[in-house]
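S.K.: Handing you this structure, nothing more for now.
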Amino acid sequence: MADKPQDVVTWKIVAPGITSVILDRPPANALGIPLLDGLHQAIDAAEKSGDVKVMIISSAREGFFAAGADIKHLSTIDAATFTAYGNKMREVNDRLAASPWISIAAVDGVALGGGLELAMAATLRVSGARGRFGLPEVKLGLIPGAGGTQRLPRLVGRGRALDIMLTARQVKADEAYRIGLVDRLTDGDVYTAALEFAQELLGPSLPAQLAVVRTVDAAGDLPLADGARAEVEQIQALFTDGEAAEGIAAFVGKRAPRFR
């Protein structure tokens, strides 16, 4: 089995502004240390390039996005080492969630445990009909430890999140789409659908898109009045540090905006 980060995670520019990150750790993309390090390196590379607007995360393993934590690795560690491992998973997810671009998880198969936590850290999720989603940690006497207990309720609500986590069941793609865990469902090739989605996202201003994400996220975390204040702050920032002036000038001048 490949055990180097560069062997299990690769990335490339597939179109101007779009980077594709591919997970490829046989047999099921278990989130071992090499894969986590590879994801860190992919994010490092995107940050260094400075011209990524959309990142697509997909899998080269047939039938799997990522099957979850590396159980063989877990069987060899104690509580302290497990906490450190969970922290490493969480660091990847938090970096992805806070990255200065839009991210899309393209799920064509199983996304369980840490694999679903990774997908939920992405801005958006696209699934094919064979997508399967779950957080089955209670079967191991554990709970999701890389953001799952926090992100899942924000996406689908408390009751549905508890249903999924307490039963440890796998949610099929159509249900995942219906409850808001998946944002787009396709009958065709999942990666192609994600790439088309990414191309749709290229046109608008990226600073404005990221401001939308931040304010929408605030809506789930803050009282209405505080969320409204956060919205005003984001609008003001788009005039000073964003591209609002260019967007308005282009509209008035009846021309296409020249966004970065």
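S.K.: Loop only per DSSP, at most 15 neighbouring Cβ atoms within 10 Å: give me the GluC sites (Glu not before Pro) in the stretch 1-100, ordered by residue number.
M.R.: Glu62
S.K.: For the chain, what does the helix formula give at 222 nm: sum of -39500 (n - 2.57) over DSSP H segments with n ≥ 4, over the residue count, nearest 500 deg cm²/dmol?
M.R.: -15500 deg cm²/dmol
S.K.: If you don't mind, another one. Can you list the residues, at least 5 places off or on another chain, whose amide H is less than 5 Å from the amide H of Arg132, using H built in the peptide plane?
M.R.: So Arg132 has HN proximity to Gly109, Val110, Ala111.
S.K.: Once phi is turned into θ = phi - 60°, what whole-Hz ³J(HN,Hα) does the Karplus curve with 6.51, -1.76 and 1.60 give for every residue of the stretch 99-104, x standing for Gly and Pro?
M.R.: Once θ is set to phi - 60°, the couplings for the stretch 99-104 become 5, x, 8, 8, 10, 10 Hz.
S.K.: On to the next question. Rounded to the nearest 20 debye, what is the charge dipole size of the chain about its Cα centre when +1 sits on each Lys and Arg Cβ and -1 on each Asp and Glu Cβ?
M.R.: 300 debye
S.K.: Considering only DSSP beta bridges with both partners in the chain, what is the antiparallel share in %, to the nearest 5?
M.R.: In the chain, DSSP labels about 25 percent of beta bridges as antiparallel.
S.K.: While we're looking at this one, here's another question. Select from the stretch 52-157 those trypsin sites (Lys or Arg not before Pro) which occupy a DSSP coil region and have at most 15 other Cβ atoms within 10 Å, ordered by residue number.
M.R.: Passing both the DSSP loop test and the Cβ count: Arg130.
S.K.: Let a ≥ b ≥ c be the square roots of the eigenvalues of the Cα gyration tensor of the stretch 5-201; is it rounded (a/c under 1.5), or, if not, prolate (a/b larger than b/c) or oblate?
M.R.: oblate
S.K.: Using θ = phi - 60° and the Karplus curve 6.51 cos²θ - 1.76 cosθ + 1.60, what whole-Hz ³J(HN,Hα) does each residue of the stretch 197-203 get, with Gly and Pro shown as x?
M.R.: 4, 4, 5, 4, 7, 6, x
S.K.: For Leu224 and Glu200, what does the FRET efficiency come to when R0 = 35 Å and r is the distance between their Cβ atoms, rounded to the nearest 0.05?
M.R.: That gives a FRET efficiency of 0.70.
S.K.: Could I ask something else about it? Could the peptides 217-228, 107-118 be put in order, highest first, of the mean number of other beta-carbon atoms found within 10 Å of their residues?
M.R.: Going by the mean number of other Cβ atoms within 10 Å, highest first, we get 107-118, 217-228.
S.K.: Separation of the stretch 6-58 and the stretch 172-244 by C-alpha centroid, Å?
M.R.: If you average the Cα positions of each part, the centres end up 21 Å apart.
S.K.: Using θ = phi - 60° and the Karplus relation 6.51 cos²θ - 1.76 cosθ + 1.60, list the HN-Hα couplings for the stretch 24-39 in order, rounded to whole Hz, with x at every Gly or Pro.
M.R.: Ordered by residue, 3J(HN,Hα) equals 8, 10, x, x, 9, 6, 4, 7, x, 4, x, 5, 5, 4, x, 5 Hz.
S.K.: Continuing with the same structure: Provide the FRET efficiency to the nearest 0.05 for the Lys72-Arg169 pair, computing r from the beta carbons and using R0 = 30 Å.
M.R.: 0.80
FYI, it's all coordinate maths here, none of it is from the lab. Since this is a predicted model, take the numbers as computed values, not measurements. Because the Cβ atoms are built from the backbone with ideal geometry, glycine has one as well, and the counts that use them run over all protein chains shown.
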